[in-house]
1. For residue 131, state whether it is within 18 Å of residue 96 (Cα to Cα) and at pLDDT below 90.
2. Name the one entry in 109, 114, 134 that is part of a loop (DSSP other than H, G, I, E, B) and surrounded by 19 or more Cβ atoms within 10 Å (Cβ to Cβ).
3. Could you list all residues from region 75-106 that are at pLDDT below 95, loosely packed, with under 13 Cβ neighbours inside 10 Å and not in a loop (DSSP other than H, G, I, E, B)?
4. Would you pick out the residues in region 117-131 that are in contact (Cβ under 8 Å) with a residue 12 or more places away in the chain and not in a loop (DSSP other than H, G, I, E, B)?
5. Give me a count of the residues in region 12-31 that are at negative phi and part of a loop (DSSP other than H, G, I, E, B).
6. Got a number for residues in region 62-74 being buried (at least 16 other Cβ atoms within 10 Å of the Cβ) and either in a strand (DSSP E or B) or out of contact with any helix residue (DSSP H, G or I) (no Cβ under 9 Å at 6 or more places or on another chain) (or both)?
7. From the list 9, 42, 50, 37, exactly one residue is in contact with a strand residue (DSSP E or B) (Cβ under 7 Å, 6 or more places away or on another chain), over 29 Å from residue 91 (Cβ atoms) and at pLDDT 90 or above. Which is it?
């Protein structure tokens, strides 16, 4: 991923299209922080691997619950949080960034901060090696990305009732 075209903290929709075995790999990532709820819904496509053609996302507004040390305030003296930094962005510590001596799955563990994101958004990528519960695959699909999904729409889609949309 190219860092120069995004500014953290930001909720990211990440895609690798036509990857290994012709599969698309996708996730909603909070690794670089959070700024808004997001939902990815595959439309059409065929299941081809783990998490095959499942919807994913972060459906809640985390800005109000963001730990103070990660919160980005609106400005002008307001304490209202408009985004939530990652611990890596906030502190620059290799243990939070999964860098230097912590750059492998064996040496980088989820922090209390990444667990905050994971508990709120269990299907979203919360730290550098959070692949098992957060990366989804599909083949030959189109993708709908919804920013700030309504709660009932979000619940509907993540329960995979959205299978009806795949026709």
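The values are calculated or read from the model by the stated rules, or taken from the named source; none is laboratory data. Just so we're clear, the structure is a prediction, and the values are computed from it rather than from any experiment. Don't worry about glycine lacking a Cβ; one is built from the backbone with ideal geometry, like all the others, and counts go over all protein chains shown.
1. On the way: within 18 Å of residue 96 (Cα to Cα): yes; at pLDDT below 90: yes.
Against the criterion (within 18 Å of residue 96 (Cα to Cα) and at pLDDT below 90), residue 131 qualifies.
2. Going through 109, 114, 134 in turn, the sole match is 134.
3. 75, 78, 79, 80
4. 117, 118, 120, 125
5. Looking only at region 12-31, we keep the residues that are at negative phi, and these are 12-17, 19-20, 23-31.
In the following step, the residues that additionally are part of a loop (DSSP other than H, G, I, E, B) were identified as 17, 19, 23, 30-31.
Of the residues in that region, 5 qualify.
6. Of all residues in region 62-74, those buried (at least 16 other Cβ atoms within 10 Å of the Cβ) come to 62-63, 66, 70-72.
Of the ones still in play, those that are also either in a strand (DSSP E or B) or out of contact with any helix residue (DSSP H, G or I) (no Cβ under 9 Å at 6 or more places or on another chain) (or both) are 63, 71-72.
Summing the residues that are buried (at least 16 other Cβ atoms within 10 Å of the Cβ) and either in a strand (DSSP E or B) or out of contact with any helix residue (DSSP H, G or I) (no Cβ under 9 Å at 6 or more places or on another chain) (or both) in region 62-74 gives 3.
7. 42 is the lone residue from the list that is in contact with a strand residue (DSSP E or B) (Cβ under 7 Å, 6 or more places away or on another chain), over 29 Å from residue 91 (Cβ atoms) and at pLDDT 90 or above.
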